[in-house]
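Bear in mind these aren't lab numbers, they're just calculated from the coordinates by the rules spelled out. Just so we're clear, the structure is a prediction, and the values are computed from it rather than from any experiment. Quick reminder, even Gly has a Cβ in these numbers, built from the backbone with ideal geometry, and neighbours come from all protein chains shown.
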Amino acid sequence: MDVKQLSKKVEDVVVPLPNEVFGALNKLGGVNWREYVRNDKGANFTERPRIALLLGAVIADGFIAVQAEDAPTVKEIGQRVLTLSKAIGVSSSITAHAKAITDAADKRNWASVRQELDRTQNSVQQAMNEVHDEKLSQLVSLGGWLRGTEVLTAVVTKRYSEEGSELLHQPDLLNYFETRLQAMPEFNLKLLQDIHAALIEVRPLIDVGDGKIPAASVKKINDITTRLGDAITKKTP
């Protein structure tokens, strides 16, 4: 399975789309997506980098809720995305999407919800780029990728297959995120330092050349991304 077919390009780097990756996982065997729906939408943060990471993670959660066909959660996520967008100053481009997500979820029109979630992420990042907040835009991508990877590895750990583990083979993307995090010294956040260290830890597990990523590595990546996911959503004392 070629992960590049499930992706979009961001600054010449292939970023897998959660929607496509989860769809590919579905084809490998029935996944009980309700197991992975997260109802904790995260704490309210004031630091914009944290909000950006959480926003990316919440949008990824939206795709999971769509896979689970969980309309109430999808609607909550639509509102949460709007709240986070307001907190980061890009809500004007999101209001219509949030309403469309709610309307489509009410009608259980899952294809439309997926489309609106995709548009939401694109609109958020475009709005950030327009006001030269490219770094926050990159953190939205990173938050989404981490949450997507957490769920992908949880699913593959439960029912390991080489095809499933192949979806993790994204060394270029790791390089991209590592480089971007290094270029954010002004965001003096321990969380970003922890994420950077974790990406370095993950690299040898997924950068296997033409080899296969074994089940033990998938589990380890899941442990790492789960830890980061908790750190992104919860306020640390």
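Legend: residue pairs 75/212; 86/220; 27/107; 41/99; 27/234; 99/135, Cα-Cα distance threshold 29 Å; pairs beyond threshold, 75/212; 86/220; 27/234. Judged by the mean number of other Cβ atoms found within 10 Å, the most tightly packed of the peptides 49-58, 128-137, 95-104 leads the ranking 49-58, 95-104, 128-137. Of all complete DSSP H helices in the chain, those with a Cα span along the helix axis of 20 Å or greater and a mean Kyte-Doolittle hydropathy of 1.0 or more are 48-67. Take the Cα of residue 203, go 7 Å toward its beta carbon, and the backbone nitrogen atoms of the range 157-185 under 13 Å from that spot belong to 171-182. With each label modelled as a point 7 angstrom along the Cα→C-beta vector, the residue 32-residue 175 pair spans 4.1 nm.
Spatially, the range 104-120 and the range 125-185 are offset by 22 Å when compared through their Cα centroids.
Computed on the range 58-130, with alpha-carbon pairs under 8 angstrom and 6+ residues apart, the relative contact order is 33 percent. Listed options for log10 I(q)/I(0) by the Debye sum over Cα atoms at q = 0.09 Å⁻¹ are (1) -0.33; (2) -0.62; (3) -0.48. The value calculated from this structure is the one marked (1).
Neighbour counts of other Cβ atoms within 10 Å put 33, 145 in the fewest-to-most order 33, 145. In a reduced charge model with +1 at each Lys and Arg Cβ and -1 at each Asp and Glu Cβ, the range 3-233 shows a dipole moment near 460 debye about its Cα centre.
Take every pair of alpha-carbon atoms less than 8 Å apart whose residues are at least six positions apart; their mean separation over the length of the chain yields a relative contact order of 24 percent.
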